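The values are calculated or read from the model by the stated rules, or taken from the named source; none is laboratory data. Predicted model, so just to flag it, every value in this text is computed and none were measured. Counting neighbours? That spans all protein chains shown, and the Cβs are built from the backbone with ideal geometry, glycine included.
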Amino acid sequence: MFAEELAVFPSRYAGHLLLSLSAIATGLAVSIPFGIHAAGRPRLAGPALGFASLVQTIPGIALLALMVPVMGGRIGFWPAYAALALYSLLPILRNTIVGLQGVPAPLKEAALGVGMTGRQRLTQVELPLAAPVIVAGLRTASVWVVGAATLSTPVGAESLGNYIFQGLQTRDWGAVLFGCLVSATLALVLDQAIRLFELSAERRSHRLAIFGAAGISLVLAPLLFALAPSGGGPRLDRDFSVAAEPLDGRTVTLAAKSFTEQYILAELLSQRLEAEGARIDLRQGLGSTIMFDAVASGEVDVAIDYTGTVWATLMEREDVPPRAVMYAEVSAWLLEEHGVLAFAPLGFENAYAYAVTRETAERLDLVSVGDLAGSGLTLASDPEFFGRLEWTRTRDIYGLDTLRTRGMESTFMYEALANGEVDVITAYTTDGRIDAYDLVLLEEPAGALPPYDAFILLSPDAAEDRALHAALAPLANAISNDEMRAANGKVDLDRETVMDAALWLTDRTRD
């Protein structure tokens, strides 16, 4: 598992560093000139600092997500860069204004008295005196931005946050710790390198400047591995009996949401497409709507979604037709409204189901979802669920208004249920932890929860790619519910890697 983390480290580190340094450089380029202009104009300084402070009150992950629609549905580097650049403004702008306003008035008057022009006074007196305060703002911005960059994974930007988000979902705490430690180390090294340059200028010490340069070199060194040419071709030493390479080295962009099953399926697609000669650009940890918008806009070529998600969240339909009818209507809507092709169902359904422990079911005589009415129990689900129509529909049909709701990552729901911290969860029906924790799935006779058949999405351009069709065709209806549940269990319960689980599924789809 550690070998896998190291294999992708150069690209993730490079992405994190590029995001951070670009945002910090933009913050400097905007904040210092504007701060100089605003320092002597209180009417301008107040609103400017107010705006920068307002940006800081927006949670980092929310600001990153907001940049996606603002930038026309684009994902990846640009929305993350825009959000982080905004995040860097406040400390640099505030310290520039405060530093310049703090220069003693007698010194300013003395500068004018000896015949200095306004520009000379600024560059030779005010800025040198304010420099320690401005640099302190730069150091603060650097630490903030490097830390916030780990949140860029949900908008499709590669960073050290990939370790954290994927590790949380697959319960790989080593990956989480690795991502946190490297990010923290990067922030500290940058902070100290900037400090050494500041001290070097203050004390006119070339030795301190050399130490600062050594710190920057240490930060940049891993980029050499990211820029080193790779051998190309498939990552796996596995015979897929491919007679030719119809994709001929083309780059195919894949996307995955932020839970175990999606990571496994993205790896499965990667293995198959690489075997057909494609190069893979993988964007993981995306939210449902962000992923779909990326497919519709062509930012992503291939993704896997679920009929219930499209039906309730995107189409905003409240009725629940039979599975076959829903798939047909979803397919037609995607093609007509967005040019997106529902290429093929994978063969399994990963639906929501209300689950309780066997002890709770027996103690409260719970059989159906309707038995939860008036119970006052605590229901936990992933945060997306409580914003979907299927929750309001089931709540209203079964009278679940008295349930207390708690949103949490799916990683923690099952243990929270087993430990008695919550009473009910919305389990995923292909999750191996249902059997492992001996959970009881409550009957849902009204059919309020829609079916969630997994299927492959192709962007408008990918929909016309016959070679891509041929590469993905063997996956159509190739995975059963039991096989997907077993693959998820290998990661969530047996602590196997995502790649191992995907390889196991690959072998099953070839049988």
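Selection of the range 382-405 for residues being touching a helix residue (DSSP H, G or I) at 6+ places or on another chain (Cβ under 7 Å) and polar (S, T, N, Q) yields THR394, THR405. Among the residues making up the range 119-169, a single one is in contact (Cβ under 8 Å) with a residue 40 or more places away in the chain, surrounded by fewer than 20 Cβ atoms within 10 Å (Cβ to Cβ) and hydroxyl-bearing (Ser, Thr, Tyr): THR140.
When you go through GLY137, GLY118, GLY174, GLY113 one by one, which is the residue that is closer than 26 Å to GLY285 by Cα and either outside the structural domain of VAL295 (by TED's automatic domain parsing) or not β-branched (Val, Ile, Thr) (or both)? It would help to see each step written out before you state the result.
Numbers: GLY137 fails: closer than 26 Å to GLY285 by Cα; GLY118 fails: closer than 26 Å to GLY285 by Cα; GLY113 fails: closer than 26 Å to GLY285 by Cα.
From the options GLY137, GLY118, GLY174, GLY113, the qualifying one is GLY174.
Do we have VAL8 as touching a residue at least 40 places away in the same chain (Cβ under 8 Å) and buried (at least 21 other Cβ atoms within 10 Å of the Cβ) here? Against the criterion (touching a residue at least 40 places away in the same chain (Cβ under 8 Å) and buried (at least 21 other Cβ atoms within 10 Å of the Cβ)), VAL8 does not qualify.
Looking only at residues of the range 156-194 that are farther than 15 Å from SER217 by Cα and charged (D, E, K, R), we find that the one that is nearest to the chain's Cα centre (by Cα) is GLU158.
Looking at the range 133-155, is at least one residue over 22 Å from SER22 (Cα atoms) and hydroxyl-bearing (Ser, Thr, Tyr)? Checked against the condition, which is being over 22 Å from SER22 (Cα atoms) and hydroxyl-bearing (Ser, Thr, Tyr), the range 133-155 yields no hits at all.
So that you can scan it fast, the table gives a plain yes or no per residue for (1) in a helix (DSSP H, G or I); (2) out of contact with any helix residue (DSSP H, G or I) (no Cβ under 6 Å at 6 or more places or on another chain); (3) modelled with pLDDT under 85; (4) exposed (fewer than 14 other Cβ atoms within 10 Å of the Cβ):
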| residue | (1), (2), (3), (4) |
| --- | --- |
| SER183 | yes, no, no, no |
| LEU188 | yes, yes, no, no |
| ALA193 | yes, no, no, no |
| LEU199 | yes, no, yes, no |
| SER230 | no, yes, yes, yes |
| GLY233 | no, yes, yes, yes |
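On the stretch given as the range 58-98, residues that are closer than 19 Å to ILE36 by Cβ and under 15 Å from the mean Cα position of the chain (by Cα) total 0.
Answer yes or no: is there a residue in the range 36-46 that is within 23 Å of the chain's Cα centre (by Cα) and of a type in the set (A, V, I, L, M, F, W, C). Break it down into steps so the answer makes sense when it comes.
Taking the range 36-46 and keeping what is within 23 Å of the chain's Cα centre (by Cα), we get none.
The answer is no, given that none of the residues of the range 36-46 is within 23 Å of the chain's Cα centre (by Cα) and of a type in the set (A, V, I, L, M, F, W, C).
Would it be correct to say that ILE456 is more than 23 Å from GLY347 (Cβ to Cβ) and out of contact with any Cys (no Cβ under 6 Å at 6 or more places or on another chain)?
Details: more than 23 Å from GLY347 (Cβ to Cβ): no; out of contact with any Cys (no Cβ under 6 Å at 6 or more places or on another chain): yes.
In short, no.
Among the residues of the range 269-284, the ones that are modelled with pLDDT under 90 and polar (S, T, N, Q) come to 1 in all.
Checking GLY72, GLY15 one by one, the residue that is under 26 Å from SER288 (Cα atoms) and either in a loop (DSSP other than H, G, I, E, B) or among the acidic types (Asp, Glu) (or both) is GLY72 and no other. In the range 53-89, the residue that is nearest to GLY137 (Cα to Cα) out of those that are touching a residue at least 12 places away in the same chain (Cβ under 8 Å) and of a type in the set (Ser, Thr, Tyr) is SER88. Only one of LEU17, LEU49 is crowded, with 18+ Cβ neighbours inside 10 Å and at pLDDT 85 or above. Can you tell me which? After ruling out the rest, the residue left standing is LEU17. Just one of (1) outside the structural domain of ALA361 (by TED's automatic domain parsing); (2) modelled with pLDDT under 90 fails for SER410. It is (1).
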